[in-house]
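I have placed the structure first, in the form of C-alpha cells, so that the comments after it can refer back to it.
The values are calculated or read from the model by the stated rules, or taken from the named source; none is laboratory data. From a predicted model like this one, the values you see are computed outputs, not experimental measurements. Here the Cβ positions follow ideal geometry from the backbone for every residue, glycine too, while neighbour counts run over all protein chains shown.
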Amino acid sequence: MKLRTLPVLLAVVALTVTGCSSGTGTINADDAKKAGCTPVAAGKASNAVEVTGDLGAEVTAKFETPLAVTKTEKTINIMGDGDLLKDGDSVNFQLNVFDAKDGKNLGTETSTLTIDKDAVYEGWIDAISCMPLGSRSTTVLQAKSIFGEAGNTDLGIEAEATLVVVVDALDLIPSRAEGKETALPEGFPEVTLADNGEPTVTLPDGFTPSAKLASATTIEGDGTEVKKGDTVSVQYLGFNQKTGETFDSSWTRGTPMTQSLDSLIAGFGDGLVGKKVGSQVVILIPSAEAYGEDTEKTGKAQFGDIGFVVDILHTEPAAAATE
C-alpha cells in the first residue's frame, strides 16, 4: 500500500534538542554505501529553508515564497549520532509539511513508517532514509513524489506543487516483541517462534474455541501500556480457532502494521488494552467481536471464532491523535 496521505495524527514525542538551522551536515559516501542507501543531495532550495523548533515537536519553517523545484533536494539540519536509516528499518518520526507556495503548515504529526520502496512513494523514502537516527532533515520535493500523480485532493495539492517536508527521525521500532517469556494459561493454543520471531499456532487435541474474548501474553514487555484508542505498531498473525488456518499476517508482508485501535475490529483492540509495549499477546475473539460468521459460506478462515498473535512494537496516545 502506498502512503497516499499524511500519516495518522499522533502524539508529539518531545526530546531535548532545539534546532534553528538552514543547512549543516552531509552524509559520508562510504557510510551510505555500507548501509546500502543513497543520500539525496542538498540544493539551493533545501538550504534556504530555516527550521526552528525542538526535535520531535511542531516546527516553524521560514523561506522566501514561492519556492519551487523540479528535482528533490534534501538538507540535514541536525545530524544525529545513530546509524544511517536504511531499507527495512521501521522508524518513529515527527513530520511537518509546508506548502512551498505560501509557507502554510499543512500538517504536524508523529507516525511510524517502514522504509520499503515497494510499499511507499519515493519521496517518503528520500525524506526519511539515509540519514542518522536522531537527525532532522528538510526535503523540498514535488507533491507527486509523496502522493502520486493525482496529488492530494483532500489537501488541495496538485501533483506538480512543491512541498517542504521536515522530518525528525526519533527512534527505531523493533521488529519483534522483546521481554520475559511467560506460559499461556489453559484454553489457549500453542505458539512457537521462528528465529526471526514469526509465530506458528498449533491447536492442541480437543481445543475448543473461546466463547468470550480472552487474551494472555507469551512474552511480557516492560514498555508503555496500551490504552483504549491508542495508535499501535504491531506484528500480527491471524488464525481461525476451529481449523488453526492462518488468514492474515504482517510477517508475510514483511512490514509491521500501524493503526488506531478504534479502526480495528473490537476484539483486537480490547485484547491489547492494558498490555505493554514489548509484549506478545494471544487474543481469542468470538465471531461477534470479529468479522462475524461465514453466512455466505465462502470458506474463508477470517470468519467465525478467530485469534491473533500480536507483537506490540510501539504505541502513541489517543489524545494526541485527535489534536
- request: Give the residue that is surrounded by the fewest Cβ atoms within 10 Å (Cβ to Cβ), with candidates limited to residues of the stretch 216-256 that are more than 20 Å from the chain's Cα centre (by Cα) and hydrophobic (A, V, I, L, M, F, W, C).
  value: 247
Counted residues, the stretch 41-61 - those being more than 18 Å from residue 169 (Cβ to Cβ) and either at pLDDT below 95 or exposed (fewer than 14 other Cβ atoms within 10 Å of the Cβ) (or both): 2
field: Candidate set from the stretch 107-122 (those that are out of contact with any Phe, Trp or Tyr (no Cβ under 7 Å at 6 or more places or on another chain) and of a type in the set (Gly, Ala, Ser)); member that is surrounded by the fewest Cβ atoms within 10 Å (Cβ to Cβ)
entry: 107
- request: Determine whether the stretch 177-194 contains at least one residue that is surrounded by 18 or more Cβ atoms within 10 Å (Cβ to Cβ) and among the polar types (S, T, N, Q).
  value: no
- prompt: Is it fair to say residue 264 is without any contact (Cβ under 8 Å) to a residue 60 or more places away in the chain, surrounded by fewer than 23 Cβ atoms within 10 Å (Cβ to Cβ) and not hydroxyl-bearing (Ser, Thr, Tyr)?
  reply: yes
statement: Being in contact (Cβ under 8 Å) with a residue 40 or more places away in the chain, assigned by TED's automatic domain parsing to the domain that holds residue 30 and not in a loop (DSSP other than H, G, I, E, B) narrows 191, 167 down to just 167
- prompt: Within the bounds of the stretch 80-95, is there any residue that is surrounded by fewer than 18 Cβ atoms within 10 Å (Cβ to Cβ) and either of a type in the set (S, T, N, Q) or in contact with a Phe, Trp or Tyr (Cβ under 6 Å, 6 or more places away or on another chain) (or both)?
  reply: no
- line: Those residues of the stretch 194-232 which are assigned to a strand (DSSP E or B), free of Cβ contacts under 8 Å to residues at least 40 places away in the same chain and not β-branched (Val, Ile, Thr) amount to none
field: Whichever residue in the stretch 275-296 is small (Gly, Ala, Ser) and under 17 Å from residue 309 (Cβ atoms) and, among such residues, is surrounded by the fewest Cβ atoms within 10 Å (Cβ to Cβ)
entry: 278
field: residue 255 being in a loop (DSSP other than H, G, I, E, B), assigned by TED's automatic domain parsing to the domain that holds residue 291 and closer than 22 Å to residue 120 by Cβ
entry: yes
- prompt: Which numbered condition trips up residue 125, out of (1) crowded, with 19+ Cβ neighbours inside 10 Å; (2) in a loop (DSSP other than H, G, I, E, B)?
  reply: (2)
message: Restricting to the stretch 258-279, count the residues that are in a strand (DSSP E or B) and at pLDDT 95 or above.
response: 1
task: Out of the residues in the stretch 38-56 that are in a loop (DSSP other than H, G, I, E, B), in contact (Cβ under 8 Å) with a residue 60 or more places away in the chain and of a type in the set (A, V, I, L, M, F, W, C), state the one that is farthest from residue 138 (Cα to Cα).
output: 55
field: the stretch 64-78, residues that are surrounded by fewer than 20 Cβ atoms within 10 Å (Cβ to Cβ) and more than 14 Å from residue 127 (Cα to Cα)
entry: 64, 65, 66, 68, 69, 70
